[in-house]
């Protein structure tokens, strides 16, 4: 299956090779808690920007290893290029993942999906 999605204004559009996970994720770290997105994670090879935004649209903080992307036009949080952190906060120092705002998936109601909470507030 191919998942398609875009930001509110359509400036950033993407496709994902795969299925929407049965359970989405909400992280409680300081950034994610303020952003409020529920997310789905994928291998980098599965994620394809079909319409990338123009201009700088990435926020990096603290260790600068996590790249939070957003639409420079409408401001929607779109996806994050992140280390593939494990549930205990560890990372193998090379494997990455793409964490996508599931609220942007076409024809999908993220508000009705099952959601697991990651205690990012205490992990990283």
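The values are calculated or read from the model by the stated rules, or taken from the named source; none is laboratory data. Bear in mind the structure is a predicted one, so any value in this text is a computation, not a measurement. We place every Cβ from the backbone using ideal geometry, glycine too, and count neighbours over all the protein chains shown.
Numbers below:
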{"read-out": "Whichever residue in region 85-110 is in contact (Cβ under 8 Å) with a residue 40 or more places away in the chain and not in a strand (DSSP E or B) and, among such residues, is nearest to the chain's Cα centre (by Cα)", "value": "102"}
{"read-out": "Elements of type strands (runs of 3 or more DSSP E) in region 1-46, at least 3 residues being in contact (Cβ under 8 Å) with a residue 12 or more places away in the chain and more than 19 Å from residue 113 (Cβ to Cβ)", "value": "13-17"}
{"read-out": "Pick from region 71-84, criterion without any contact (Cβ under 8 Å) to a residue 60 or more places away in the chain and within 11 Å of the chain's Cα centre (by Cα), ranking: surrounded by the most Cβ atoms within 10 Å (Cβ to Cβ)", "value": "80"}
{"read-out": "Region 47-59, subset crowded, with 17+ Cβ neighbours inside 10 Å and not in a strand (DSSP E or B), residue modelled with the highest pLDDT", "value": "57"}
